[in-house]
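Notes follow the structure.
The values are calculated or read from the model by the stated rules, or taken from the named source; none is laboratory data. A quick note: this is a predicted structure, and the numbers were derived from the prediction, not measured. As a convention, Cβ positions derive from the backbone with ideal geometry for all residues, glycine included, and neighbour counts pool all protein chains shown.
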Amino acid sequence: MISYVCKYTPLELFAGFGESVSPLNQLPKTIGKADKIAPSNLCGFSRSLIELVEEQGVRNLILTNCCDSMRRVYDILKAKGNLDFLYLLDLPRTDEECQVDRFADRLLALKKAYEEHTKKTFDRAAFLASFTRNQLPQEPYVGILGVRAFPELEEEIRRSTGKKTVNLTCLGSRDLSSDLAGMAAAPDEKTLFRLYAQALLSQLPCYRMNNHTRREKIFLDDNLVGIVYHTIQFCDYYGFEYAQIKNRVQVPLLKIETDYTGQSLGQLRTRIEAFAETIGVMEKKGAALTGEQRHMAEREGYFGAGIDSGSTSTDVVILDKDRQIVASRIVPTGGGANVSAEKCLQMALDDAGIPREKVLQIVTTGYGRAYLGEGDGSVTEITCHAHGAHFLHPIVRTIIDIGGQDSKAIRVDENGNVTNFLMNDKCAAGTGRFLEMMAGALGLSIEEMAKNGLSWNEEITISSMCTVFAESEVVSLVAQNRAVPDIIHGLNRSIAQRVGALANRLGPEDGNRSTGSTRDDATLMMTGGVARNEGIVRALEENLHRPIYISEKAQLCGALGAALFAVERIEKDLKESK
Amino acid sequence: MDVRQSFAAFLQKTLEKNPAAARQILAAGYRAFLAYGKVHPDKRLSPAKRYASDEVMKCIIRALTKPEECCMASLFVPGELLAAAGVNPYSVEALSCYLAGTSLEKVFLDVTSREGFPDTMCSFHRVFLGASDSELVRMPPFMVYTNLACDGNMMTFPYLKEKREIPAFYIEVPWEKNEDAVQYVRGQLVELKAFLCDLTKKTIEDEALADLVAGSNRASFDYMRALSLQKTHTLPSMMTAEMYGIFMSRIFSGTKTAETYAKMYLQDMEQAPASDAIRINWVHMFPFMQPSLRQWLNFSPDICLAANDLSADGFRIVDENDPFRGMAQRMVYSIFNGSATDRADYNVALAKKTGADGVVIFSHWGCRVTIGAAGIIRDALEDAKIPAIILDGDGCNPGNTPDGQILTRTQAFVEMLQQKREHQ
């Protein structure tokens, strides 16, 4: 068995030796061995690869020098691995004539090395018989682009979108357009391997190649209905490509970054599901009403509720059939998402003085939505925030939400439908958690911090974006006797910069419409609890050079959106049942 | 706020409204610094380092004010061909160093963050991309780049080539180190000559080129002799000044400037006093803007930065009879090409050459070439009984490194070396 990690690996060559081949892109169970021998800021895939070699007892591995990390993985495995056959294939970066010639020589050198290692004989017929095509489907599909994706991620995308997916990453999309007749008739190995080199290099290039304009073909395919773009922390190539294509592609695009561990999969699910909602391939199903409920609804009216189960707070909104808020509640999330949700819902019901059974639909949202027993269906917080924001302020086009453990920038159309969104959930910088930690470092409550930050005098720049470094920077500023309001202002600017960058990456809003000159007519809105922090709102306005609309119900926006979905589902059910 | 930070704040405000004005102000600032140095030279630096400082500064001023006379090049492109074509090359990394030295790095890093470029990418490249995207840096008429030594080049150059539609020449250096590989690169350098002649409308005579490569060899010879003297003699060290050798041995190679620098460096070493300062060899870039380290390390009488592998590797004696082959040899046999064990072995030999008490391996954030090699280099040094430490940090973004930690770790390492020497 030959393991490989790059689509340029000459798999057919090994078929000629009667060997089977297998991609090595699975998730390792742990990163124990890699932690000992590989640095932490080598890319996540490299570390996983080192671990997998040990975990799966890989004996034969072919690498290409596709990037700096892979070159160093080769060095590390060569020095500390325990493989029988480890080979680094020198891969050119273009498919010009002299590069093809050289690559053909490299392939022949690999063939010779394998012959010497195994004493096996190369069978040309078996080699030629192994060529297969792998062309793009003639039906709508979601493309997975960027860097290698682990099978579980691919499966999650397939499940969430309910669509056919095509792996177009640097390990997928292996389609060789080969001159098989020419190869069969090749008078010698040199001619044969030159044709083979040409076929390998003429594949749709990965971004590491020096001719990536040919990658445009991917984005222009008529059957491509959406793109999930995967990047890995410390893999710069694909982060770089994403930055260039994000405003150009014509189909919905979702960027996800992982560290190539299973830990991130749960968080990614939210985004993939929200993405599925934007491309309209996932129906927002709710439980159907019973006959008795329909009868009651028509006789006495009805209520719909939304529960937003966040990492910091759980929010509930109850709407009547006219979409009027009859009750709302915010409680800290503690003792489990389920307990908080039940408690919060009951408090809201008590406030409104209505029995539980009159609430015909409950829609849940937020990180805890998957764990809630309550609820007749769930919608991601991205779609709910958009729906709630549009309800509160119909001219809104861009929404910024700073949550407890993530921050989001959401772009909506004139109907409040999500057209694009970006999230930062891999690091605490620019999130509510960052604020909490900094408040802790300053010995203040969040409320005190919000208030004190408004009376600043001197601009201080907090240069560290990392929460841990920023905390030590704050401690040293306190030690230097810098005024606390000035430090808070510096922190507010730091958050504004991080979150502002997220909003900027969405690109300009559609059309030539004004983005507003006052807060009341602003098309940018901030939702979530942090919207009440005037210092951060001002810093964001300064960073983005535009006013931000703040609603009194900003913190309830997610729950409000969920409650609106609940009411709409009841309406739809009643209409369809007639 | 000190003068540099005030200047940076003023420049940032100007840049938002008028990039051309910001460029002129920055160049004026650099010229003023140059003029000040003529009247009040920093006598703590040796004459060679002062000379190099002025020459690199002139190169940067030219890149800012007269881009039409320049060529943007990656650090490892052989300078002789560019010099023969009368072109003034500047490296992306050098320009970023100067922008960071003017406390402007954050401005441009923020630009790239807004664009969505990965924060994990090399900050030297990100600063340059930010400066280019914000129009502080204007593009030259063409660029020359190579896959040696890092992926940063393979993002920055193709991106700007396509975005700005600039003619570009790419040199591919194979992984293997043998004569085949040398000939393969040689062929490309012959094509580069045609590319340069075509764009500059100048003729490059092979004889003139051979003279330039011979000049590089003379510089290499002097530089290596100077390094041998580090065992017994030392010069005051400054992290910024140690970086000049990197540019002299690479994109300045073949120029009179590089030859003069190496000659002066040898003279400085010959005249340097005998010293028992702790000698440190440094692997990769220096975190030259890290406040605590600057304060502690620069001009310390007790610690000397004896050699740097990024500089020393470029000073190689190569075939001067066939200048194209010679330049190709320097690229193919570079320790930054091929396996990390080559770089590890080279650093062991370099430490023995300079009598280094220890080696600091600076694992620059964003440089996977060095990050991945660091453990291998450290192991090889320790096997040779040479103490080594891996220091994580960011060479061009001091905000990305906990300042106190980097100082503590370096100081502890030096204390360890001092104790070791006392017990010998």
In segment A:25-46, the residues that are crowded, with 21+ Cβ neighbours inside 10 Å and either touching an Asp or Glu at 6+ places or on another chain (Cβ under 8 Å) or part of a loop (DSSP other than H, G, I, E, B) (or both): A:25, A:28, A:34, A:38, A:39, A:42, A:43, A:44
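Step by step: first the residues of segment A:245-258, then only those that are more than 16 Å from residue A:45 (Cβ to Cβ) and in contact with a helix residue (DSSP H, G or I) (Cβ under 6 Å, 6 or more places away or on another chain), then the one that is farthest from the other protein chains (Cβ to nearest Cβ). Which residue is that? Before you say what the answer is, go through the steps one by one.
Going residue by residue through segment A:245-258, those that are more than 16 Å from residue A:45 (Cβ to Cβ) are A:245-255.
Among the residues that remain, those that are also in contact with a helix residue (DSSP H, G or I) (Cβ under 6 Å, 6 or more places away or on another chain) are: A:249, A:252, A:254-255.
Values: A:249: 13, A:252: 17, A:254: 14, A:255: 9 Å.
That would be A:252.
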Residues of segment B:205-243 classified as part of a helix (DSSP H, G or I) and either over 25 Å from residue B:329 (Cα atoms) or free of Cβ contacts under 8 Å to residues at least 24 places away in the same chain (or both), total: 6
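Residue by residue through segment B:396-411, note down the ones that are outside any helix (DSSP H, G or I) and either β-branched (Val, Ile, Thr) or within 12 Å of chain A (Cβ to nearest Cβ) (or both). Quick ask: steps written out before the conclusion?
Step one: filter segment B:396-411 for residues outside any helix (DSSP H, G or I), giving B:396-397, B:401-402.
Matches in segment B:396-411: B:397, B:401, B:402.
Looking for something farther than 20 Å from residue A:396 by Cα, outside any helix (DSSP H, G or I) and not aliphatic (A, V, I, L, M) - is there at least one such residue anywhere in segment A:481-503? Please lay out each step first, then the result.
Step one: of segment A:481-503, the residues farther than 20 Å from residue A:396 by Cα are A:481-495, A:497-498.
Now narrow it down to the ones that are outside any helix (DSSP H, G or I): A:481-483.
Restricting the remaining residues to those that are not aliphatic (A, V, I, L, M) gives A:481-482.
Within segment A:481-503, one or more residues are farther than 20 Å from residue A:396 by Cα, outside any helix (DSSP H, G or I) and not aliphatic (A, V, I, L, M).
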Those residues of segment B:99-118 which are outside any helix (DSSP H, G or I) and more than 11 Å from every other protein chain (Cβ to nearest Cβ), in sequence order: B:102, B:104
Residue identified as surrounded by fewer than 20 Cβ atoms within 10 Å (Cβ to Cβ), modelled with pLDDT of 95 or more and charged (D, E, K, R) among B:62, B:44: B:62
Residue satisfying condition, being on the phi > 0 side of the Ramachandran plot and without any contact (Cβ under 8 Å) to a residue 12 or more places away in the chain, within set A:430, A:353, A:416: A:353
Residue match in segment A:167-181 (condition: assigned by TED's automatic domain parsing to the domain that holds residue A:232, at positive phi and surrounded by 14 or more Cβ atoms within 10 Å (Cβ to Cβ)): yes
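Looking only at segment B:164-183, which residues are in a helix (DSSP H, G or I), within 26 Å of the chain's Cα centre (by Cα) and not hydrophobic (A, V, I, L, M, F, W, C)? Before the answer, list the steps.
The initial filter retains those residues of segment B:164-183 that are in a helix (DSSP H, G or I), namely B:164, B:179-183.
Now drop any that are not within 26 Å of the chain's Cα centre (by Cα), which leaves B:164, B:181-182.
Within segment B:164-183, B:164 is the sole residue that qualifies.
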Some residue of segment A:108-116 being of a type in the set (Lys, Arg), at the interface with another protein chain (Cβ under 10 Å from one of its Cβ atoms) and farther than 28 Å from residue B:374 by Cβ: no
Qualifying residues in segment A:76-102 (those that are assigned to a loop (DSSP other than H, G, I, E, B) and over 34 Å from the mean Cα position of the chain (by Cα)) - the one nearest to the other protein chains (Cβ to nearest Cβ): A:96
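Name the residues in segment A:140-162 that are over 18 Å from the mean Cα position of the chain (by Cα) and in a loop (DSSP other than H, G, I, E, B), would you?
From segment A:140-162, those over 18 Å from the mean Cα position of the chain (by Cα) are A:140-141; that's our starting set.
A:140 - this is the single residue of segment A:140-162 that is over 18 Å from the mean Cα position of the chain (by Cα) and in a loop (DSSP other than H, G, I, E, B).
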Selection count, segment B:163-211, where residues are surrounded by fewer than 19 Cβ atoms within 10 Å (Cβ to Cβ), of a type in the set (Val, Ile, Thr) and closer than 17 Å to residue B:88 by Cβ: 2
Odd one out for residue B:163, checked against (1) modelled with pLDDT under 95; (2) under 21 Å from residue B:76 (Cα atoms); (3) among the basic types (Lys, Arg): (2)
Residue within segment B:376-392 that is buried (at least 24 other Cβ atoms within 10 Å of the Cβ), within 13 Å of chain A (Cβ to nearest Cβ) and within 22 Å of residue B:304 (Cβ to Cβ) present: yes
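Would you mind finding the one in A:105, A:68 that is within 30 Å of residue B:365 (Cα to Cα) and either within 14 Å of chain B (Cβ to nearest Cβ) or over 36 Å from the mean Cα position of the chain (by Cα) (or both)?
A:68
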Hits in segment B:250-303 (condition: out of contact with any Leu (no Cβ under 9 Å at 6 or more places or on another chain), of a type in the set (A, V, I, L, M) and assigned to a loop (DSSP other than H, G, I, E, B)): B:277, B:289
Residue that is nearest to residue A:146 (Cα to Cα) [pool: residues in segment A:220-239 that are at the interface with chain B (Cβ under 10 Å from one of its Cβ atoms) and in a strand (DSSP E or B)]: A:231
Evaluation of residue B:151 against (1) of a type in the set (D, E, K, R); (2) farther than 16 Å from residue A:92 by Cβ; (3) crowded, with 21+ Cβ neighbours inside 10 Å (one fails), failing number: (2)
Among the candidates A:478, A:474, residue that is aliphatic (A, V, I, L, M), crowded, with 19+ Cβ neighbours inside 10 Å and over 16 Å from residue A:542 (Cβ atoms): A:474
Lone unmet requirement of (1) within 14 Å of chain A (Cβ to nearest Cβ); (2) in contact with a helix residue (DSSP H, G or I) (Cβ under 9 Å, 6 or more places away or on another chain); (3) surrounded by fewer than 22 Cβ atoms within 10 Å (Cβ to Cβ); (4) assigned to a helix (DSSP H, G or I) for residue B:160: (3)
Checking residue B:202 against (1) without any contact (Cβ under 8 Å) to a residue 40 or more places away in the chain; (2) away from chain A (no Cβ under 14 Å), the condition it does not meet: (1)
Number of the condition not met by residue A:14 [criteria: (1) assigned to a helix (DSSP H, G or I); (2) at pLDDT below 95; (3) touching a helix residue (DSSP H, G or I) at 6+ places or on another chain (Cβ under 8 Å)]: (2)
Segment A:341-357, residues that are basic (Lys, Arg) and either touching a Leu at 6+ places or on another chain (Cβ under 9 Å) or not assigned by TED's automatic domain parsing to the domain that holds residue A:297 (or both): A:356
Matching option when the condition is within 17 Å of residue A:215 (Cα to Cα) and touching a Phe, Trp or Tyr at 6+ places or on another chain (Cβ under 8 Å), among A:136, A:145, A:168, A:108: A:145
Residues located in segment A:375-395, provided they are buried (at least 24 other Cβ atoms within 10 Å of the Cβ) and among the aliphatic types (A, V, I, L, M): A:379, A:382, A:386, A:389
Test: residue A:242 is under 30 Å from residue A:101 (Cβ atoms), within 14 Å of chain B (Cβ to nearest Cβ) and either hydroxyl-bearing (Ser, Thr, Tyr) or buried (at least 23 other Cβ atoms within 10 Å of the Cβ) (or both): no
